[in-house]
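Everything on this sheet refers to the single structure shown next.
Coordinate-derived values only; no laboratory data. Note that the structure is predicted; figures quoted are calculated from it, not measured. Backbone-built Cβ (ideal geometry, glycine too); neighbour counts: all protein chains shown.
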């Protein structure tokens with residue numbers, strides 16, 4: 001899928017068919033996340049993949065009001081900040097956002113759908129601990145739930161004019 | 001450019017030729033940023049474009065050790081968080097990161113190069129104030145410097161195995 005088209009047409013997908021996703025597609029999505037930029041190239045993101053009947057799916061579900069989405073998803077990627085690789089909260093969180101966006105775009109380009117679940121981090125550090133991870137070292141940053149789309153996404157965006165702090169004029173002659 | 005290829009081949013570009021960039025390409029890059037996901041779809045990003053002999057180019061240069069890059073760039077996009085649209089620091093910063101990544105990918109797909117300058121926000125709120133903006137409302141999040149690449153980028157990435165908190169096995173039979 002062409003990049004500019006992918007960026008403009010990707011939307012959060014919250015309903016999935018029961019069809020499985022090949023592990024090669026999951027790897028391609030994680031690979032996309034791997035290539036995100038980060039401050040000082042610190043690459044502080046860490047991934048935990050939950051799929052099939054992995055009991056940690058219900059662990060995640062117990063910590064979010066979006067359990068229905070996580071139960072429908074073919075797989076979920078829990079994305080953590082590794083505090084041993086962290087250096088600045090604002091820049092680390094921005095880099096994690098770039099990593100998440102790469103994964104969402106990759107899912108879309110592969111014909112899959114995905115949604116970034118941020119609300120689950122309101123349950124930090126309990127959710128990280130419940131997953132059996134060292135919550136002093138790892139901080140859950142988001143969960144990406146993904147699968148084959150059962151319904152299109154449809155969120156709107158503000159026009160560019162509202163985002164520009166001043167008008168952008170055309171090329172001068 | 002195909003999305004997965006773009007994601008894997010994009011690198012920070014820090015050297016630019018003097019060639020100008022048409023405003024249509026700048027708009028395409030901003031449009032890509034506009035389509036990023038954000039918590040509650042709050043779209044808290046705001047853009048200020050600096051190009052040509054705009055005196056604010058030197059204002060930016062005075063607040064970063066990367067002034068050489070900003071002077072070489074055909075244009076720069078200063079990306080701000082609008083605190084009136086903000087709702088959660090971690091999620092807002094992540095969303096801004098997704099927005100920045102969309103812009104970096106779009107620049108790459110258009111055959112341009114770009115670099116995310118994060119170090120300049122160490123000079124907040126002075127830099128926002130020096131740009132003549134309301135620093136109580138707007139917080140500089142990063143500056144994207146962009147133009148025609150004069151040298152390739154080359155930063156390395158850790159292998160996926162180092163990012164996975166546990167091995168990812170192939171599809172079961």
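When Rg and Dmax are taken over the Cα atoms of the range B:45-84, they come to 10.7, 33 Å.
Helical runs (DSSP H, four residues minimum) scored at -39500 (n - 2.57) apiece and divided by the length of chain A put the mean residue ellipticity at 222 nm at -10000 deg cm²/dmol. Of all the options A:158, A:83, A:57, the one that moves most in a Gaussian network model of chain A with Cα springs shorter than 10 angstrom is A:158. Sequence-distant contacts, meaning Cα pairs under 8 Å at least 6 residues apart, place the relative contact order of chain B at 34 percent.
Taking R0 as 35 Å, what FRET efficiency do you get between residue B:122 and residue B:27 from their Cβ-Cβ distance, rounded to the nearest 0.05? Could the numbers behind the result be given before it?
Working: r = 30 Å, r/R0 = 0.85.
The computed FRET efficiency comes out at 0.75.
Roughly how tilted is helix A:89-109, in degrees to the nearest 10 and between 0 and 90, from the longest Cα axis of chain A? That helix lies at roughly 90 degrees to the long axis.
Sorted shortest first, the distances from the residue B:136 label point to those of the same residue in the other copies are 4.2 nm; each point sits 7 Å from Cα along Cα-to-Cβ.
For residue B:156, the point set 7 Å out from Cα toward Cβ sits 4.9 nm from its twins in the other copies, listed from shortest up. Distances between copies of residue B:68, taken at a point 7 Å out from Cα along the Cα→Cβ vector and listed shortest first: 5.6 nm.
The C-alpha atoms of chain A define a longest principal axis, and helix A:23-34 lies at about 60 degrees to it.
The alpha carbon centroids of the range B:39-115 and the range A:1-61 are separated by 25 Å. Just check the range B:21-62 against the gyration tensor rule for me: Cα atoms, a ≥ b ≥ c as the square roots of the eigenvalues, rounded for a/c under 1.5, and otherwise prolate or oblate depending on whether a/b exceeds b/c. Cα axes put the range B:21-62 in the oblate bin.
Once you order the gyration tensor axes a ≥ b ≥ c over the Cα atoms, which shape class does the range B:72-140 get: rounded for a/c under 1.5, otherwise prolate or oblate by comparing a/b with b/c? Judged from the Cα gyration tensor, the range B:72-140 comes out oblate (a/c at least 1.5, b/c at or above a/b). Annotation for residue A:9 and residue A:40: the two label points, set 7 Å from Cα along the Cα-Cβ direction, are 4.1 nm apart. For chain B, rounded, prolate or oblate, judged on the Cα gyration tensor with a ≥ b ≥ c (square roots of eigenvalues), a/c < 1.5 rounded, else prolate if a/b > b/c? It is oblate, given that a/c is not under 1.5 and a/b is not larger than b/c.
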